[in-house]
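S.K.: Submitted below is the structure of interest, expressed as structure tokens.
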Amino acid sequence: MGKRRRVEERSGRRRPAAVGGMIAVVVGGAGLGVYALYGGAAADDGSAAAANGRQVPRVRADVPSAAEAKALAARFLTAWQKGDAARAAAVTDDSAAAAALLTGYAKDAHITDVTLTPGTAAGVRVPFSVKATVKYKNVGKPLAYDSALTVVRNPKNGKAQVDWHASVVHPDLQDGDRLVTGEAGTPPVKAVDRDGGELTAAKYPSLGTVLDGLREKYGKKAGGKAGVELQVVRGKASKAKKASAKTLLELSKGTPGTVRTTLSPKLQAAAESQVAKTARSSVVVLRPSTGEILAVANASPGFNTAFNGSLAPGSTMKVVTSSLLIDKGLASADKTHPCPKTFTYGGWKFHNDDDFEIKGGSFKASFARSCNTAFISQAPELSDDSLTRQAQQVFGLSMNNWAIGVPSFDGSVPVQSKAQMAASLIGQGGVRMNPLNMASVAATVKAGSFHQPYLVAPSVDGRTLASASRTLSASTLAQLRELMNYTAAAGTAAEAMSGLGPDYGAKTGSAEVDNQDKPNGWFTAYRGDLAAAGVVQAGGHGGDTAGPIVASLLRTGG
């Protein structure tokens, strides 16, 4: 690839993003679904194509006008409101999927008396409000929510159509999901924190998906009784993303069972407060000695990036890579280690930020400043599966066997070769993590061994926690702690970690993402018996963005 691999750390330059698409000319006053017909005596003027002596009308390819969008939205919403699923589906670009979901809206979800009111259109996007009633047997309750649709041009026939997605019907639906009202198969749960206080999405907005997951996992085991509910039933695609079923409306209350979690009310409240200040931020706090999850929070609560995200972790991955290099005798904290401006491997030329170099410096200095080439330069000495085995055997990652109590992703460190293998050493390539995974990495360094994170104690349901097959040698562990401690005291993490020492360690990271102006900012650290990690997507340098969030929670204590 020709792209320069420049990952760390402080760069104020904006990188170009590839923008797809085309500039289209809107034909004013065009009627809904009308072809633009062009005449002319000659076919070579570009206005029409000739076939068998006939002029063939050119299919419209312009963006639908606001007038078209408004008119088409009115047709769609009118048909839906009348319960004519077939007619509403006919003006979408996926009539089969639309008809199935709109039919189920009345038949399976038992939603009646539907009133759909369009709002003010913004170009091709038309918002609308929904007011209806959900009736099941002798129980009925009002339902109200907002949604939106987008109008697009069909490239085959030029017609304006509704761009169909399940979220048009309800914003909590993903494609393949459906709505169902009935006696819930899973009883509700009352989730409580480690001190017995009730956890609710109203009090802790980030916990909405977590509470859904707890109900799905423990509802039938916690001793509750199901009620009647309107629910989102997940399809295959949603289940593959580990999305849990979701209750939209409770018609009659069930009796909840109680599930105790490991969450700290003080740290959870602090985490919620921190992510609320920074868009697209996520954070997790653990107790290294046990693996207990003390807090989890996301600025965007619709998806639990903290537990289920799959993002390149950038230079925070150098914690794992450093343990590998030290284990293999390819690096030592206080010994001289190469940090050239660039290093070429597998056909890629890897760079340090601003092409800096460290002449005659130690590996500790390279780690603290996050020198990419200090790690890439060791790629020729490693086998394709070296990093994968280190991540699995020592840090418990990429085994797909964590059982924390709710759906989670336990990282991916695939076996790669050549340039991709080299990139994985600095947390790019195919490596994917989330804050839960990287908090666990810091916790493993602090504790000296891997403890699988968990939100619900395994004694509740007798599940077995994942384990690592080996621990780091005393020498490697001591050096790894030295690297992270030095980075927290005098490296790229020093500003965020100021005043938290001396029993601390940290690593910053920035991960480039294609077509994104700024990299994702990462930060992982420990202090005492707390470990935490955070990410700010498109935030830039990790020390400046995720660092203050993580450091604040370590300062809060728990």
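S.K.: Is it the case, given these coordinates, that Glu229 is in contact (Cβ under 8 Å) with a residue 40 or more places away in the chain and either assigned by TED's automatic domain parsing to the domain that holds Ser282 or not basic (Lys, Arg) (or both)?
M.R.: Judged against the criteria, Glu229 is a match.
S.K.: Then there's this: Restricting to the range 226-256, and then to whatever is among the small types (Gly, Ala, Ser) and in contact with a helix residue (DSSP H, G or I) (Cβ under 7 Å, 6 or more places away or on another chain), can you tell me which residue is farthest from Thr209 (Cα to Cα)? Break it down stepwise before answering.
M.R.: Quick first cut of the range 226-256, residues among the small types (Gly, Ala, Ser) only: 226-227, 235, 237-238, 240, 243-245, 252, 254.
Now drop any that are not in contact with a helix residue (DSSP H, G or I) (Cβ under 7 Å, 6 or more places away or on another chain), which leaves 244-245.
Numbers: Ser244: 7, Ala245: 9 Å.
Across the range 226-256, the extreme among qualifying residues is Ala245.
S.K.: Moving to a separate point now. Please determine, by comparing only the residues of the range 195-217 that are in contact with a helix residue (DSSP H, G or I) (Cβ under 7 Å, 6 or more places away or on another chain) and aliphatic (A, V, I, L, M), which one is surrounded by the fewest Cβ atoms within 10 Å (Cβ to Cβ). Let's see the steps before the verdict.
M.R.: Filtering the range 195-217 for residues in contact with a helix residue (DSSP H, G or I) (Cβ under 7 Å, 6 or more places away or on another chain) gives 195, 197, 199, 201, 204-206.
Then drop every residue that is not aliphatic (A, V, I, L, M), which leaves 199, 201.
Numbers: Leu199: 21, Ala201: 14.
So, considering only residues that are in contact with a helix residue (DSSP H, G or I) (Cβ under 7 Å, 6 or more places away or on another chain) and aliphatic (A, V, I, L, M), the one surrounded by the fewest Cβ atoms within 10 Å (Cβ to Cβ) is Ala201.
S.K.: If a residue must be among the hydrophobic types (A, V, I, L, M, F, W, C) and under 29 Å from the mean Cα position of the chain (by Cα), how many such residues does the range 461-479 contain? Outline the logic, then answer.
M.R.: At the first step, the residues of the range 461-479 found to be among the hydrophobic types (A, V, I, L, M, F, W, C) are 465-466, 468, 472, 474, 477-478.
Within this subset, residues satisfying the condition of being under 29 Å from the mean Cα position of the chain (by Cα) are 465-466, 468.
Number satisfying all stated conditions: 3.
Results for (1) in contact (Cβ under 8 Å) with a residue 60 or more places away in the chain; (2) surrounded by fewer than 20 Cβ atoms within 10 Å (Cβ to Cβ), shown as yes or no for each residue.
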site: Val275; (1), (2): yes, no
site: Ser281; (1), (2): yes, no
site: Pro288; (1), (2): yes, no
site: Ala299; (1), (2): no, no
site: Ser315; (1), (2): yes, no
site: Ile326; (1), (2): yes, no
site: Gly329; (1), (2): no, yes
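S.K.: Mind checking which strands (runs of 3 or more DSSP E) fall wholly inside the range 290-359 and carry at least 3 residues that are closer than 30 Å to Leu248 by Cβ and in contact with a Ser or Thr (Cβ under 8 Å, 6 or more places away or on another chain)? Can you show your working first?
M.R.: Working: elements: 293-298, 342-345, 348-351.
Strands (runs of 3 or more DSSP E) meeting the threshold: 293-298.
S.K.: Here's something else I'd like to know. Check Ser65, Ser11 and return the single one that is modelled with pLDDT under 95, in contact with a helix residue (DSSP H, G or I) (Cβ under 8 Å, 6 or more places away or on another chain) and not hydrophobic (A, V, I, L, M, F, W, C).
M.R.: Answer to the selection: Ser11.
S.K.: Let me ask something else about it. State the number of residues belonging to the range 120-135 that are surrounded by fewer than 21 Cβ atoms within 10 Å (Cβ to Cβ) and in contact with a Lys or Arg (Cβ under 8 Å, 6 or more places away or on another chain).
M.R.: Qualifying residue count for the region: 2.
S.K.: So which strands (runs of 3 or more DSSP E) stay within the range 136-194 end to end and still have 1 or more residues that are surrounded by fewer than 18 Cβ atoms within 10 Å (Cβ to Cβ) and in contact (Cβ under 8 Å) with a residue 24 or more places away in the chain? Spell out how you get there, then give the answer.
M.R.: Working: elements: 139-153, 160-162, 178-183, 189-192.
Per the criteria, 139-153, 178-183, 189-192.
S.K.: Within the group Pro380, Pro414, which residue is part of a helix (DSSP H, G or I) and either touching a strand residue (DSSP E or B) at 6+ places or on another chain (Cβ under 9 Å) or crowded, with 22+ Cβ neighbours inside 10 Å (or both)?
M.R.: Pro380
S.K.: Do we have any residue at all in the range 80-99 that's touching a Phe, Trp or Tyr at 6+ places or on another chain (Cβ under 6 Å), more than 23 Å from His165 (Cβ to Cβ), modelled with pLDDT of 50 or more and not assigned by TED's automatic domain parsing to the domain that holds Gly509?
M.R.: No - not one qualifying residue is present in the range 80-99.
S.K.: Tally up the residues in the range 424-461 that are in a loop (DSSP other than H, G, I, E, B), out of contact with any Phe, Trp or Tyr (no Cβ under 9 Å at 6 or more places or on another chain) and not aliphatic (A, V, I, L, M), please.
M.R.: 6
S.K.: Would you say Leu267 is in contact with a helix residue (DSSP H, G or I) (Cβ under 8 Å, 6 or more places away or on another chain), part of a strand (DSSP E or B) and either surrounded by fewer than 18 Cβ atoms within 10 Å (Cβ to Cβ) or not β-branched (Val, Ile, Thr) (or both)?
M.R.: So Leu267 fails the test.
The values are calculated or read from the model by the stated rules, or taken from the named source; none is laboratory data. Nothing here was measured: the structure is a model prediction, and the numbers come from that model. Note that we place each Cβ from the backbone using ideal geometry, even for glycine, and neighbour counts take in every protein chain shown.
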